[in-house]
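Enquirer: Sharing a structure below in structure tokens format, with a few things to ask.
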Amino acid sequence: MTVEMQPLPRGRHGLSREEVEVSQRTRLIRAMVDVMAEKGYAGTSVADILSGARVSRETFYELFGSKEDCFMSAFELAYAAILHATTPSAGEAEPIERFARVLEDYLRALASDPAAARVFLVEVYAAGPSALERRNELQGQLVDSMAALVGGDRFAIEALLAGLVQMVTARVAVGDADGLLKLHGPTVELARRLGLG
């Protein structure tokens with residue numbers, strides 16, 4: 001979810017209204033992510049987001065109904081980026097190989113953008129019940145996808161992923177990108193012992 005934070009050029013620039021709105025929306029979302037990485041959800045104000053994005057308050061409220069609305073847009077983008085980064089390739093024939101590849105891609109995606117990982121895994125807990133409901137829904141979809149990808153007992157997959165997400169979240173919360181990547185080997189070994197491959 002890495003995004004350039006360049007303001008639009010002043011004066012006439014030849015961009016359509018839609019292009020301007022996309023730029024402003026993207027900058028607001030990225031500013032929210034970056035400010036929250038520093039201040040947390042509760043400590044982040046709309047003014048902080050505006051300052052980071054260099055966008056007016058009026059524009060913010062034209063594009064988002066509230067701070068929570070902006071957060072949910074950031075959350076959905078972070079999830080989409082992670083999903084895109086973890087699309088399995090058809091090359092891995094064995095289920096455990098597919099699991100290992102998807103897990104590696106997932107951990108690398110989180111480590112490559114710690115601020116977006118923080119939105120997705122840590123700050124969501126402070127964003128309220130609707131954010132947590134959406135997170136739980138997405139985690140259920142992830143379990144279903146993984147069950148289809150590797151086969152095996154769905155409950156075992158759900159338990160494995162729940163434990164993994166907890167360990168990943170703990171490392172993201174303290175900014176331990178190396179620790180994230182080190183989860184790969186032991187998690188693949190646990191998946192083997194659980195019969196997922």
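Enquirer: L161: net charge of surrounding residues, Cβ under 11 Å, Lys/Arg +1, Asp/Glu -1, itself excluded?
Expert: With Lys, Arg at +1 and Asp, Glu at -1, the net is -1.
Enquirer: Compare V124, V168, V55 in a GNM of the chain, Cα atoms joined below 10 Å, and give the one with the largest fluctuation.
Expert: Most flexible of the set in this elastic network: V55.
Enquirer: Could you give me the ³J(HN,Hα) list for region 170-178, computed from phi with Karplus coefficients 6.51, -1.76, 1.60 and θ = phi - 60°, whole Hz, x at Gly and Pro?
Expert: Once θ is set to phi - 60°, the couplings for region 170-178 become 4, 6, 5, 4, 9, x, 9, 5, 5 Hz.
Enquirer: HN-Hα J couplings of region 153-167 from phi, Karplus 6.51/-1.76/1.60, θ = phi - 60°, integer Hz, Gly and Pro as x?
Expert: Working through the residues one at a time gives 6, 4, 5, 4, 5, 4, 5, 4, 5, 4, x, 4, 4, 4, 5 Hz.
Enquirer: Would you please state the base-10 log of I(q)/I(0) at q = 0.18 1/Å for region 17-66, with intensities from the Debye formula using one equal scatterer on every alpha carbon?
Expert: Each listed q corresponds, in turn, to -0.48.
Enquirer: Highest GNM mean-square fluctuation, the chain, Cα pairs closer than 10 Å: which of V20, V119, V46?
Expert: Looking only at V20, V119, V46, the biggest GNM fluctuation is shown by V20.
Each value in this text was obtained by applying a stated rule to the coordinates, not by laboratory testing. Every value quoted in this text rests on a predicted model; they were computed, and no experiment measured them. Positions of Cβ are generated from backbone atoms using ideal geometry, with glycine treated the same way; all protein chains shown enter the neighbour counts.
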